[in-house]
1. Around A:VAL164, which amide H atoms from residues at least 5 apart in sequence, or from another chain, sit under 5 Å from its own amide H, with H modelled in the peptide plane?
2. Counting only protein heavy atoms and rolling a 1.4 Å probe, how much accessible area do A and B lose on contact, total for both sides, in Å² to 100?
3. How crowded by other chains is A:34-47, given as the mean number of beta carbons from other chains within 10 Å of each beta carbon?
4. Counting Lys +1, Arg +1, Asp -1, Glu -1, what net charge surrounds A:GLY12 among other residues with beta carbon under 14 Å of its beta carbon?
5. Across peptide B:179-187, what mean number of C-beta atoms from other chains lies inside 10 Å of a residue's C-beta?
6. Quickly work out the B:ARG176-to-B:ARG20 label distance, labels modelled 7 Å from Cα along the C-beta direction, and quote it in nm with one decimal.
7. Going highest first, how would you order B:301-310, A:88-97 by mean Cβ packing within 10 Å?
8. Of B:HIS178, B:SER78, B:VAL40, which is farthest towards the positive pole of the protein assembly as shown's charge dipole, taken about the Cα centre with +1 and -1 on the beta-carbons of Lys, Arg and Asp, Glu respectively?
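The values are calculated or read from the model by the stated rules, or taken from the named source; none is laboratory data. On a predicted model such as this, the values are computed, not experimentally measured, just so you know. Because the Cβ atoms are built from the backbone with ideal geometry, glycine has one as well, and the counts that use them run over all protein chains shown. These area figures cover heavy atoms from the full protein model, side chains too; ligands, DNA and RNA do not enter into them. Shrake-Rupley method; radii C 1.70, N 1.55, O 1.52, S 1.80 Å.
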Amino acid sequence: MATYSSNQFKNGLKVMLDGDPCSMVDVEFVKPGKGQAFTRVRLRNLISGRVWERTFKSNESIEGADVMDQDMEYLYSDGEMWHFMDPNSFEQFAADKAAIGDSAKWMKEGDKCIITLWNNNPISVTPPNFVELEVVETDPGLKGDTAQGGSKPATLSTGAVVRVPLFIERGQKLKIDTRTGEYVSRA
Amino acid sequence: MSAAPDHHWEPTASIEHLRRRAAILSSIRDFFAARQVMEVDTQILSHCAVSDPFIDSIEANFNLIGSDQMQSLYLQTSPEFAMKRLLAAGAGSIYQLGKVFRNGEVSPRHNPEFTMLEWYRIGFDHWQLMNEVEALVLSVLPDLTIRRISYRDLFLNHLDIDPHQASVAQLSRLCRAHIDAPFEDDDPDTWRNLLMSHLIEPALEEGVFVYGFPASQAALARVERDETGIEVATRFELFVDGLELANGYYELTDAAEQARRLAADQQQRERLQLPQRPTEQRLVAALQQGLPECAGVALGVDRLVMLALGASDIAQVIPFAFNRA
């Protein structure tokens with residue numbers, strides 16, 4: 001893998017730090033008039049998700065990480081692993097609980113997801129921004145409450161629980177924004 | 001960092017910003033005309049380069065027509081050496097308002113080619129020069145309040161550490177308590193600069209003159225003992241809202257000491273494997289002839305315009321930022 005010196009740092013660069021792949025979120029050049037230059041970098045650890053800042057001297061270099069994002073189709077879960085397929089190569093990948101994390105509750109078979117691979121292993125899963133899921137459990141709908149007013153919890157087919165308007169009923173399909181976990185509309 | 005050229009033809013600054021910039025440049029010239037300080041425009045292209053280890057010159061190639069011999073020249077990082085040669089030649093108080101170049105420095109606060117205002121006042125010390133810098137800055141930023149604090153008190157107030165007395169181990173430990181900086185460095189100034197740039201500067205509001213820098217950061221300032229007996233540089237810097245705006249000295253006039261510092265800079269460059277450039281021995285010769293007692297300061301004009309216009313990026317106050325130039 002390539003190594004990068006601090007003058008090559010840029011947003012999105014994937015590097016290895018303390019044994020984990022990390023992505024650069026923000027790169028800032030710090031240079032006192034007479035002093036030496038530093039590069040202050042906000043990094044996201046791609047395994048733990050932790051975001052923190054590290055400062056490098058101008059002559060430091062670090063190893064790149066073999067990380068890439070790939071569009072894949074979600075196939076199924078066997079309870080322990082979540083299985084995906086690259087629609088171009090038909091190659092299958094299995095993500096474990098740590099990699100799928102909170103995304104598990106949005107996984108619907110056949111949906112397109114972005115899988116982040118490190119050394120060809122899934123380390124994180126990004127669901128589509130919007131998913132359509134069926135309500136499997138919610139209190140009965142209230143008539144005449146279609147415009148505005150309160151909300152209630154609804155359990156979706158994947159197990160996710162979202163706040164929905166009072167008029168939503170079991171069996172309906174809903175459009176959910178996975179980035180906020182919020183109800184958008186009926187599908 | 002966005003150093004790659006972009007293909008847009010439009011300026012990076014609005015015409016309105018350039019109009020206000022022009023008014024500031026004009027008011028700077030009025031300021032010095034009213035004080036009988038002569039404008040000079042020394043050469044930007046020189047056979048010699050700056051000595052500071054952490055400032056790099058841009059190299060330019062000169063070919064005499066018909067010759068295949070290439071000569072290396074250097075775009076000046078400040079007009080300091082040339083202006084001091086003029087002072088030694090009897091020019092009196094002088095200022096220069098023009099372009100300088102610093103290799104490698106690109107950020108929202110840095111453009112490799114930028115406009116510097118540098119001036120020297122015969123018979124002034126750094127305290128008197130701070131008064132004049134204050135007057136000039138207030139003429140552009142009338143609502144600013146400016147205070148003065150020593151480098152030591154700044155560190156004591158913000159970080160509860162004496163920057164002159166603390167060891168490298170103490171400085172680096174304090175740094176690492178706040179900043180993830182796992183590298184090693186045995187130069188206390190690396191850690192002082194980290195603390196200054198990462199923890200103190202962002203907390204500085206309004207105008208702050210910092211004086212009494214460590215002797216190791218004297219550059220071309222004199223070194224004297226402060227009231228606690230510690231050797232400090234007769235150097236000051238002005239920060240405005242955390243932006244480093246000006247750097248001034250009660251100037252070193254001792255030729256032998258000047259020669260020693262040029263050599264020390266060169267040795268440090270060698271140790272850090274930084275480019276070796278020809279040093280300006282004519283500056284030493286000028287000091288041998290006699291530099292009048294004086295104080296001098298360099299001020300980043302683009303940054304002053306940024307502050308006046310409330311701009312967050314230097315590109316917004318210069319016609320064409322580096323990637324569009």
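1. A:LYS152, A:ALA154
2. Working: alone 10860 and 15670 Å², together 24460 Å².
Looking at A and B, the buried total is near 2100 Å².
3. 5
4. +2
5. Across the residues of B:179-187, the mean count of other-chain Cβ atoms within 10 Å is 4.
6. Distance between label points: 4.5 nm.
7. Per-residue Cβ counts within 10 Å, averaged per peptide and sorted highest first, yield B:301-310, A:88-97.
8. Sorting the options by dipole projection puts first B:VAL40.
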